[in-house]
Amino acid sequence: MKKIFKSNLLLLLLTIVWNACEMDSNLDPIGNWTISEPVLRDLPTGIVLDDFTASEQIQFSWDPAVASNRFIVSYKLYLMPRDSEDYEDALLELVPASSGRALTVSTSPDAINYALWAACYPANEAAELDLVLVAKAIEKTSIARQSLSVRPFSANYQPSTMFVSGEGSEKGGSPTDAIAMRSVTKSDGTATGVFEAYLTLHAGQEVFFRDRAIIGSRKFGGDDGVLEACGAGLEVEETAQYRVQVDLTKNTYTLTKIERWSLVGDAVEGGWGGDVPLAYQGNGLWSADLELFRPYDNAGFLFRANGDWGLLLKRIVGTQIANNLGGNLAMETDAGNLGFEIEDVPGVEPGNYKVNLNLAAGAFHYRLERNQTSPPVTDNNAVIGKTSNPNGDAVSGSFDIGDTEIPSQLFLIPEGGTAIPLKGNGNAFTSEGHLALEAGKVYYLNDQADGTGQNYITEGQGRITVERDQAYLINVNFETKKFNWKYYNIKVFHWDDANNGWDDRDEIVMNYVHPYKYQVTASLEARFDIKLNSPWDVEFGTDSSQLTGTMVNKGPNFKGITASGTYRVEIVVEPDFASCTYQFVRQ
């Protein structure tokens with residue numbers, strides 16, 4: 001029995017030793033086996049891409065590489081710049097089927113053409129390249145390389161998309177994180193070759209443009225507004241939000257710093273003289289929680305950048321959603337050339353809203369989301385003309401009235417003066433034209449001309465005061481329970497029209513003098529054009545060259561200054577601002 005046990009034990013030990021030796025022979029160290037070179041075959045010395053149809057595939061084949069220990073071999077085929085040894089320079093990387101083990105791989109003429117275009121090889125000119133086949137088994141590789149001339153398509157590739165990339169862009173340097181730009185198209189869908197985006201750019205770090213958000217896409221750089229394919233990246237001096245525009249038809253780019261996007265108009269605080277800012281949230285979105293007003297039925301607003309009337313977004317007609325809570329937007333300066341009809345953003349039911357301005361890629365649009373919280377507590381002093389921006393163009397504001405039934409008639413009554421009737425229209429009463437009201441006087445809102453009826457201001461014994469002399473348009477809305485007011489500041493617009501000097505114009509604010517008079521003393525240049533404006537509701541002008549006379553709203557430019565010098569400019573307006581008398585007096 002003991003002899004049998006010893007024999008079995010000896011047999012087991014011999015088996016273990018034999019298996020260990022067999023395993024060592026199959027797992028030789030890397031240096032103890034070899035891999036032969038694959039052989040590219042049936043490869044022409046040159047390829048002309050125009051010789052292929054759009055549906056054809058270009059196939060590359062090779063004889064296999066063999067590992068001496070029968071390890072599995074996989075392949076990658078690279079299209080490389082001539083004599084390049086760095087696979088990161090590869091123009092195109094192709095992986096065969098079966099996880100790289102197949103002995104052929106195909107690609108389209110379009111893919112090769114795009115790879116050459118992305119690397120800035122010119123169209124219809126032969127590119128001298130290398131085709132490099134890498135065979136790999138475990139950690140060992142062998143390489144086959146053959147020269148190849150490729151002539152791209154005769155027609156230059158035209159990108160249909162553009163992106164912002166680089167370490168200086170909002171999302172960093174990875175191409176896959178590049179930020180899509182909006183393709184600017186006409187109303188009929190025609191592409192213009194212009195792309196734009198709104199995003200944060202970081203100072204001192206490179207920014208590129210790409211045509212695709214992938215590795216291997218074409219990078220565009222540039223300097224001083226000139227776009228350069230495969231050029232050096234550009235940088236900004238200040239970290240901020242920017243409007244970025246690329247024009248591929250002109251090979252240009254522009255960067256416009258956006259200090260703020262704001263709302264301006266009668267539906268927001270301050271009216272057309274106000275500027276209610278939104279906050280940037282990232283990803284091309286600006287938003288804020290705001291109170292919106294409706295002092296009269298067609299009261300609305302605009303989106304304005306940097307307080308600049310040349311950077312206005314208006315709604316595209318026909319794009320509104322239900323209850324005017326959203327719509328698509330277009331820049332006013334671009335809309336005409338793109339074939340879009342635009343309009344001011346109409347007002348909505350008064351109340352608190354979250355206002356979203358979305359300028360990410362796609363259709364620029366806005367959305368209004370009604371907040372269910374109660375409106376913030378405001379100063380309810382009944383003061384006409386109280387504003388933080390008295391020198392705006394068209395200035396408006398409001399204060400609360402009592403929660404009462406709608407009267408059959410309504411009067412604004414100056415203390416010790418004659419009652420001014422307000423004209424009823426549904427839930428509201430409006431002044432017939434602008435009323436010349438005086439600071440220091442007290443007014444009452446009453447349903448009887450002699451003041452013996454119901455007073456509709458519930459605080460301060462019904463007293464209404466006036467902050468400043470002005471010509472006010474009054475609207476009392478019993479649905480919104482608001483007393484709304486509005487006045488115009490008039491400015492002398494003065495510019496060298498003959499030499500395209502509009503952008504360098506003077507805008508000289510005139511002083512209001514009770515009643516209905518505006519005046520200012522200013523230096524005026526001979527042969528400059530002049531309009532007396534409250535942009536853009538009031539635009540007084542005339543075709544007369546006389547220094548005194550009558551101007552009408554929306555009239556032609558005044559060209560009557562023939563001698564440069566200092567002039568006192570004075571107008572007296574009609575209450576409806578349809579016309580005014582004027583005089584220019586040389587000092």
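What the table shows:
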item: Of LYS186/LYS354; LYS186/LYS554; LYS186/LYS314; LYS314/LYS554; LYS257/LYS386; LYS486/LYS531, those spanning more than 24 Å from alpha-carbon to alpha-carbon; result: LYS186/LYS354; LYS186/LYS554; LYS257/LYS386
item: Distance between the stretch 483-519 and the stretch 198-251 - C-alpha centres, whole angstrom; result: 39 Å
item: Principal axes of the chain: Cα extent on each, largest first, Å; result: 135, 78, 41
item: For the stretch 47-91: rounded, prolate or oblate by the Cα gyration tensor [a/c cutoff 1.5]; result: oblate
item: Anchor LYS481: aspartates and glutamates whose Cα lies under 15 Å away (excluding residues fewer than 8 positions away in-chain); result: GLU291, ASP297, GLU349, ASP379, ASP400, ASP403, GLU405, GLU459
item: Accessible area, probe 1.4 Å, largest first, for residues GLU88, GLU259; result: GLU88, GLU259
item: Area of THR176 that stays accessible when all protein chains are in place (1.4 Å probe, Å², to 10); result: 90 Å²
item: Rounded to the nearest 10 Å², the accessible area of ARG82 at probe 1.4 Å; result: 90 Å²
item: Mean Cα-pair separation over length for the chain, i.e. relative contact order, pairs under 8 Å, 6 or more apart, %; result: 7 percent
item: Solvent-accessible area of HIS202 with every protein chain in place, 1.4 Å probe, in Å² to the nearest 10; result: 60 Å²
item: Test item: Cα-centred dipole of the chain, Lys/Arg +1 and Asp/Glu -1 on Cβ, debye; result: 1460 debye
item: Within the chain, helix-based [θ] at 222 nm, where runs of 4 or more DSSP H residues each add -39,500 (n - 2.57), nearest 500; result: -2500 deg cm²/dmol
item: C-alpha center-to-center spacing [the stretch 78-121, the stretch 273-322] in angstrom; result: 49 Å
item: Probe 1.4 Å, accessible area per residue of the chain, Å²; result: 49 Å²
item: Degrees, to the nearest 10: 109-118 long Cα axis against longest axis of the chain; result: 60 degrees
item: Positive-end extreme of charge dipole, the chain - chosen from ALA279, GLN59, THR176 (charges on Cβ); result: GLN59
item: Share of carbon and sulfur in the accessible heavy-atom surface of the stretch 226-363 [1.4 Å probe, %]; result: 44 percent
item: Farthest positive-ward along the chain dipole, Cα basis, beta-carbon charges - from PHE195, PHE584, ALA97; result: ALA97
item: Most to least accessible of ASP297, ASP400 (protein chains only, probe 1.4 Å); result: ASP297, ASP400
item: Hits among lysines - C-alpha to C-alpha of LYS140 under 24 Å, sequence gap 8 or more where chains match; result: LYS76
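The values are calculated or read from the model by the stated rules, or taken from the named source; none is laboratory data. Note that this is a predicted model, so its numbers are computed, not measured. Cβ: placed from backbone, ideal geometry, glycine included. Neighbour counts: every protein chain shown. Heads up: the accessible areas ignore ligands, DNA and RNA and are worked out on the full protein's heavy atoms, side chains in. Shrake-Rupley method; radii C 1.70, N 1.55, O 1.52, S 1.80 Å.
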